[in-house]
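These notes are about the structure you will find just below.
The values are calculated or read from the model by the stated rules, or taken from the named source; none is laboratory data. Since the structure is predicted, the reported quantities are computational estimates derived from the model, not experimental observations. Ideal geometry is used to build each Cβ from the backbone, glycine not excepted, and the neighbour counts take in all protein chains shown.
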Amino acid sequence: MLIMEKYPLAVYVSSEDTVNCSVIPVFSRERFLTENHIYYQTYRACMSFSLTYHSRQFEFETAAELFSPQNLDHGTEAMLSTVTFAPGERVLDLGCGWGVVGILAASIVGPENVVMTDIDPRAVQVARQNAERNQLAGVTILQSDGLQDHRETDFDWILSNPPYHEDFSVAKQFIMKGFNRLKIGGRMVMVTRRRLWYQKKLTSIFGGTEVHEIDGYFVFHSEKRRDTYAKRKKRNR
């Protein structure tokens, strides 16, 4: 039996057969918000897929226990659609999962300019394998609880699709410590399904934030314009 599945950038026909579960692209459309064109096809049985980013094809393998193991999740796709990397920029992928954001960024800025972190050792292992698979093994991938073990302070970009928790404790640490890892003019980009708390917190730290609403997700761009928090709280390193 064939079923239709609509993804943000493509419509696919897939088979419900659990053995031969290839997904065949029917057509693709360009997202008007960005010049970053992302198209992908998924092979659900082996949890691997290919993705084309800026005319280059990437191959990824994932693991069932990781977030969004079958394809690029819509939130991360929304976040990527708002970002334009430039060669030589420094990028931190915070909570990298199986590595898609950091690896795609590395293809533009250079692998030596990318740091990826995740608390999950399995995520770190899979991300390293994916970096090697795509000839970008020069990226730095660390097992770390947020930014606890990384003190570099000259990033142009910090990108994160933070975990959803009712008390926002993880997101709070990401935002406060992330601020201190950015250079002046650097940006923290976060994607969530919740607006109010993130908008208030990012504004209190950065002095303001841009909000892009895309397909039910909120993508926040917050630029560091000074060395101290906007509300002059003690910096949390």
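Miscellaneous remarks
- Of the set (1) part of a loop (DSSP other than H, G, I, E, B); (2) modelled with pLDDT of 95 or more, all apply to Asp227 but (2).
- Among the numbered conditions (1) modelled with pLDDT of 95 or more; (2) surrounded by fewer than 21 Cβ atoms within 10 Å (Cβ to Cβ), the only one that Arg90 does not meet is (2).
- Filtered residues of the range 109-138 (kept if out of contact with any Asp or Glu (no Cβ under 8 Å at 6 or more places or on another chain), buried (at least 24 other Cβ atoms within 10 Å of the Cβ) and either of a type outside the set (A, V, I, L, M, F, W, C) or closer than 17 Å to Pro87 by Cα (or both)): Asp118
A quick yes/no check of all residues on (1) closer than 14 Å to Tyr229 by Cβ; (2) in contact (Cβ under 8 Å) with a residue 40 or more places away in the chain; (3) touching a strand residue (DSSP E or B) at 6+ places or on another chain (Cβ under 9 Å):
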{"site": "Asp145", "(1), (2), (3)": "no, no, yes"}
{"site": "Trp157", "(1), (2), (3)": "no, yes, yes"}
{"site": "Asn161", "(1), (2), (3)": "no, yes, yes"}
{"site": "Met176", "(1), (2), (3)": "yes, yes, no"}
{"site": "Met190", "(1), (2), (3)": "no, yes, yes"}
{"site": "Leu196", "(1), (2), (3)": "no, no, no"}
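- Any chance Ser169 is exposed (fewer than 13 other Cβ atoms within 10 Å of the Cβ), of a type in the set (S, T, N, Q) and on the phi < 0 side of the Ramachandran plot: yes
- Of all residues in the range 130-150, exactly one satisfies the criterion of being modelled with pLDDT under 75 and either on the phi > 0 side of the Ramachandran plot or in a helix (DSSP H, G or I) (or both), namely Gly146.
- Scan of the range 53-85 for residues that are touching a strand residue (DSSP E or B) at 6+ places or on another chain (Cβ under 8 Å), in contact (Cβ under 8 Å) with a residue 24 or more places away in the chain and surrounded by fewer than 15 Cβ atoms within 10 Å (Cβ to Cβ), ordered by number: Glu59
- Total residues in the range 181-217, condition over 19 Å from Ser81 (Cα atoms) and assigned to a strand (DSSP E or B): 4
- Residue check: Asp156 meets all listed conditions (1) assigned to a loop (DSSP other than H, G, I, E, B); (2) within 28 Å of Gln125 (Cβ to Cβ) but one, namely (1).
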